[in-house]
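> The structure's right below; bear with me while I get my questions together.
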Amino acid sequence: MSSAAVDLSRLELTGEAFAAIIGGFSERNLLAPRILERLELAGPERPFVPSGHYPVTQVFALLSAVEREMGDAGLVKTGSLVPKHAIYPGEQPPDVRTALAQLDAGYHHNHRRDGEPLFDLATGQQQEGIGNYRYSELGPRAACLTVDSPYPCAFDRGIILGLARRFEPLATVSEEPGCRRHGGGACRYVVRW
């Protein structure tokens, strides 16, 4: 799923999740204050409120600026730091396998469309329309995530890497052929630990 296939104008991201993206982007990045001010995401007149909801279009503006200024490496780095700042819906997963398996629920939990949450923690009901992080086991120390979110591929790869390394510091993520960036319908990431 590409960002063109999703009506981004109807989507919002929780302030906590947006703060995790901003935190990941800002950590060890000297360009961050200038870029955030230029995008009007930070500054003395515009305090950031983590308890609010923010248009996903603002997130995409930030990620476009990251890609312009720092390329794919910047998107991977930003994504890899998001799990460090993210708040889990419900209890924190006990291990890498559970964390990767729950990534899709967390992704939907942090988005809403037309003011309605895309994942209800109480009922487990999930709404579609923003893509998924589909988990499958490949073996005792490997898994595959098939991702068709509208977010940049390198950012998604970074999120998966950062999440895996929260539990397994030596985890690796490789991208299989057929990426969305090159016309594929989804990206496949193999995670090994």
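> Please work out if residue 173 is over 21 Å from residue 16 (Cβ atoms) and surrounded by 21 or more Cβ atoms within 10 Å (Cβ to Cβ). Write out each step before concluding.
On the way: over 21 Å from residue 16 (Cβ atoms): yes; surrounded by 21 or more Cβ atoms within 10 Å (Cβ to Cβ): yes.
Yes, satisfied.
> Next question. Residue check, residue 165 against (1) surrounded by 18 or more Cβ atoms within 10 Å (Cβ to Cβ); (2) of a type in the set (Lys, Arg); (3) over 17 Å from the mean Cα position of the chain (by Cα), all met but one. Which one?
Only one criterion is unmet by residue 165, namely (3).
> Kindly check whether there is at least one residue in region 125-133 that is surrounded by 17 or more Cβ atoms within 10 Å (Cβ to Cβ), within 20 Å of residue 85 (Cβ to Cβ) and out of contact with any Pro (no Cβ under 8 Å at 6 or more places or on another chain). Working first, answer last.
Going through region 125-133, the residues surrounded by 17 or more Cβ atoms within 10 Å (Cβ to Cβ) turn out to be 130-133.
Still in the list and also within 20 Å of residue 85 (Cβ to Cβ): 133.
Filter once more, keeping what is out of contact with any Pro (no Cβ under 8 Å at 6 or more places or on another chain): 133.
Scanning region 125-133 turns up at least one residue that is surrounded by 17 or more Cβ atoms within 10 Å (Cβ to Cβ), within 20 Å of residue 85 (Cβ to Cβ) and out of contact with any Pro (no Cβ under 8 Å at 6 or more places or on another chain).
> Sticking with this structure for a sec: Inside region 128-146, can you point out the residues that are small (Gly, Ala, Ser), in contact with a helix residue (DSSP H, G or I) (Cβ under 9 Å, 6 or more places away or on another chain) and more than 24 Å from residue 110 (Cβ to Cβ)?
Within region 128-146, none qualify.
> Scan region 164-175 and tell me whether some residue there is in contact (Cβ under 8 Å) with a residue 40 or more places away in the chain and within 13 Å of residue 107 (Cα to Cα).
no
> For region 141-149, indicate whether the set of residues that are surrounded by fewer than 19 Cβ atoms within 10 Å (Cβ to Cβ), basic (Lys, Arg) and either in contact (Cβ under 8 Å) with a residue 40 or more places away in the chain or on the phi > 0 side of the Ramachandran plot (or both) is non-empty.
The answer is yes, given that some residue of region 141-149 is surrounded by fewer than 19 Cβ atoms within 10 Å (Cβ to Cβ), basic (Lys, Arg) and either in contact (Cβ under 8 Å) with a residue 40 or more places away in the chain or on the phi > 0 side of the Ramachandran plot (or both).
Each row is one residue, and each column tells you yes or no for (1) surrounded by 19 or more Cβ atoms within 10 Å (Cβ to Cβ); (2) at pLDDT below 90; (3) more than 14 Å from the chain's Cα centre (by Cα).
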position: 84; (1), (2), (3): no, yes, no
position: 87; (1), (2), (3): no, yes, no
position: 114; (1), (2), (3): no, no, yes
position: 121; (1), (2), (3): no, yes, yes
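The values are calculated or read from the model by the stated rules, or taken from the named source; none is laboratory data. Predicted, not measured: the structure shown is a model, and the values here were computed from it. Every residue, glycine as well, gets a Cβ built from its backbone with ideal geometry; the counts of neighbours run over all protein chains shown.
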